[in-house]
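Some notes on the structure that comes next.
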Ligand SMILES: Cc1cc2nc3c(=O)[nH]c(=O)nc-3n(C[C@H](O)[C@H](O)[C@H](O)COP(=O)(O)O)c2cc1C
């Protein structure tokens, strides 16, 4: 029998959406390995083009590889800072845009661009759908993690070629994102970029056009 989701569940689900955050400040408490396994099991339920499950996860534990990712971020972030408009540079410099030093768990996410699984269904005209599928898996982990008090921060200020080299992954894999995972230092219902006055969430109607 299919489950019924009542209004109480929907209210709680909405709270989950509202209280999911991109987390950049973590407590040092380690993430038990079974929690990560459980999150990856849930990610596996995400939708994917042609049911191809093109996501590939790399658990980064080796200190030297983590250091290489850290150096990659530092360089990419410095380049991003120097590319800022004059009026925004000081504000950008104040932002904390990754929790690479504190996060106990580092998970790199890639997409297999041409998976055998799924027999190519759905991606002939839109090959980028494999990347979309991997992003769906990340979002699934993000929400599932929040539901059990685990925080996730998505780091994209990285040179993808450098990430692939640092992690020694197949050259054809497409880098999707680098995830910092652990127990958050604080909870909030407002994005950090709003709290830092970088950007503000706009109403849904602002992103809808009718034809
Ligand atoms: C594809 C993607 C890439 C992101 N890259 C970064 C990043 O490199 N550094 C960062 O601090 N936040 C990053 N974020 C997090 C966004 O800044 C964050 O989602 C947004 O400010 C809204 O905040 P919230 O997730 O707490 O609601 C990324 C989010 C997405 C979806």
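The values are calculated or read from the model by the stated rules, or taken from the named source; none is laboratory data. In this text, all values refer to a predicted model and were calculated from it rather than measured experimentally. Neighbour counts are summed over all protein chains in view; Cβ atoms, including those assigned to glycine, are modelled from backbone coordinates with ideal geometry.
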Next item on the list: Count, please, the residues in segment 176-209 that happen to be in contact with a helix residue (DSSP H, G or I) (Cβ under 8 Å, 6 or more places away or on another chain) and closer than 16 Å to residue 26 by Cα.
Entry: 5
Item checked: Residues of segment 187-211 classified as within 16 Å of residue 96 (Cβ to Cβ), more than 9 Å from the ligand (Cβ to nearest atom) and surrounded by 10 or more Cβ atoms within 10 Å (Cβ to Cβ), total -> 1
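Residues checked against (1) within 15 Å of the ligand (Cβ to nearest atom); (2) surrounded by 11 or more Cβ atoms within 10 Å (Cβ to Cβ); (3) touching a residue at least 60 places away in the same chain (Cβ under 8 Å):
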position: 24; (1), (2), (3): yes, yes, yes
position: 42; (1), (2), (3): no, yes, yes
position: 50; (1), (2), (3): no, yes, yes
position: 57; (1), (2), (3): no, yes, no
position: 64; (1), (2), (3): no, no, no
position: 68; (1), (2), (3): no, yes, yes
position: 74; (1), (2), (3): yes, yes, no
position: 86; (1), (2), (3): no, no, no
position: 98; (1), (2), (3): yes, yes, yes
Note to self: Quick check on segment 157-175: of everything there that is in a helix (DSSP H, G or I) and within 16 Å of the ligand (Cβ to nearest atom), which residue is surrounded by the most Cβ atoms within 10 Å (Cβ to Cβ)?
What the structure shows: 163
Check: Can residue 135 be described as near the ligand (Cβ under 10 Å from one of its atoms) and either within 15 Å of residue 175 (Cα to Cα) or over 15 Å from the mean Cα position of the chain (by Cα) (or both)?
Finding: yes
Next item on the list: Determine if segment 142-160 includes at least one residue that is more than 16 Å from residue 21 (Cα to Cα) and out of contact with any helix residue (DSSP H, G or I) (no Cβ under 7 Å at 6 or more places or on another chain).
Entry: yes
Check: Any chance segment 87-94 includes a residue that's assigned to a loop (DSSP other than H, G, I, E, B), at negative phi and over 16 Å from the mean Cα position of the chain (by Cα)?
Finding: no
Check: Hey, among the residues in segment 119-156 that are crowded, with 18+ Cβ neighbours inside 10 Å and part of a loop (DSSP other than H, G, I, E, B), which one's modelled with the lowest pLDDT?
Finding: 123
